[in-house]
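One structure below.
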Ligand code: AMP
């Protein structure tokens, strides 16, 4: 596996691939890798001759400084996992490689896509930071295709919208959420859970599945109340939001006869760790 810390050397390598007409698949991450990340690498390897991954904990997308400081960093283990997965190159930039001017450049959007719901509302500035870093990584790596997880479904839509609006020549592929055996969505943040919290965590996905089974017996409103009640019955949880929204618009649905597919989205604190998950609710 090739290993780059500097944008310049990564660019040189990419140029040599492009010169030979080789297509590149790319998986941007913040490191602390788990099997969910590796599933994206595997999908890229299936689709492309060369696959790269970036490891960069982007300070610009954290609205909470403590969350940034607490974010797990496991670079050595990440590199080993990527080597074992057959990844071809890894880009591990410092902040000065991503933001050479010191501060992130302005983004060419009047309004940030999907910023007025869920993660956009709860984490002011988050998607602005995501857009900046992904746009910059795409400039350096120039991938033909980039892979993002449905685990961060709203982020996936934001990136697709960014690519559309900026007319970037990169295809965005969404990949399904990988889960632990007990159903909890794999996440780097799970490492921050105490043993007790980790034991309680499967309640999130179990509740989403149970809720889905109650459609259409319960109305949207009744179901929302039921989900919030069920999770809040364990005092270790503090729900940030639970929403049922159109899969392409992210607008809350009012009833089950909605014309487009819908999906349930949840964000909850478990202790001090904030976890998100989502599940398609329409068949
Ligand atoms: P992160 O390092 O958390 O920013 O995640 C990097 C990429 O991996 C994002 O596109 C995530 O949506 C994706 N990802 C994170 N967790 C999972 C998971 N459990 N299953 C599939 N993809 C995931």
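Among the residues of the range 3-25, are any within 16 Å of the ligand (Cβ to nearest atom) and either part of a strand (DSSP E or B) or surrounded by 13 or more Cβ atoms within 10 Å (Cβ to Cβ) (or both)? Yes, that holds for at least one residue.
On the basis of being buried (at least 16 other Cβ atoms within 10 Å of the Cβ), without any contact (Cβ under 8 Å) to a residue 60 or more places away in the chain, touching a helix residue (DSSP H, G or I) at 6+ places or on another chain (Cβ under 6 Å) and farther than 30 Å from residue 199 by Cβ, does residue 140 make the cut? Break it down into steps so the answer makes sense when it comes.
On the way: buried (at least 16 other Cβ atoms within 10 Å of the Cβ): yes; without any contact (Cβ under 8 Å) to a residue 60 or more places away in the chain: no; touching a helix residue (DSSP H, G or I) at 6+ places or on another chain (Cβ under 6 Å): yes; farther than 30 Å from residue 199 by Cβ: yes.
Considered against the rule, which asks whether it is buried (at least 16 other Cβ atoms within 10 Å of the Cβ), without any contact (Cβ under 8 Å) to a residue 60 or more places away in the chain, touching a helix residue (DSSP H, G or I) at 6+ places or on another chain (Cβ under 6 Å) and farther than 30 Å from residue 199 by Cβ, residue 140 comes out as no.
Taking (1) surrounded by fewer than 19 Cβ atoms within 10 Å (Cβ to Cβ); (2) closer than 30 Å to residue 271 by Cβ; (3) touching a helix residue (DSSP H, G or I) at 6+ places or on another chain (Cβ under 9 Å) in turn, residue 225 satisfies each apart from (3).
Residue 165: farther than 21 Å from residue 50 by Cα and touching a strand residue (DSSP E or B) at 6+ places or on another chain (Cβ under 6 Å), yes or no? No.
A quick yes/no check of all residues on (1) outside any strand (DSSP E or B); (2) within 30 Å of residue 160 (Cα to Cα); (3) modelled with pLDDT of 95 or more; (4) in contact with a strand residue (DSSP E or B) (Cβ under 6 Å, 6 or more places away or on another chain):
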site: 227; (1), (2), (3), (4): yes, yes, yes, yes
site: 231; (1), (2), (3), (4): yes, no, yes, yes
site: 234; (1), (2), (3), (4): yes, no, yes, no
site: 240; (1), (2), (3), (4): no, yes, yes, yes
site: 243; (1), (2), (3), (4): no, yes, yes, yes
site: 250; (1), (2), (3), (4): yes, yes, yes, no
site: 259; (1), (2), (3), (4): yes, yes, no, no
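The residues of the range 108-122 that are out of contact with any strand residue (DSSP E or B) (no Cβ under 9 Å at 6 or more places or on another chain) and in contact (Cβ under 8 Å) with a residue 12 or more places away in the chain, listed by number, are 108, 109, 112, 113, 114, 115, 120.
The values are calculated or read from the model by the stated rules, or taken from the named source; none is laboratory data. Worth saying up front: this structure is predicted, and the values here are computed from it rather than measured. Positions of Cβ are backbone-derived with ideal geometry, glycine not excepted, and every protein chain shown enters the neighbour counts.
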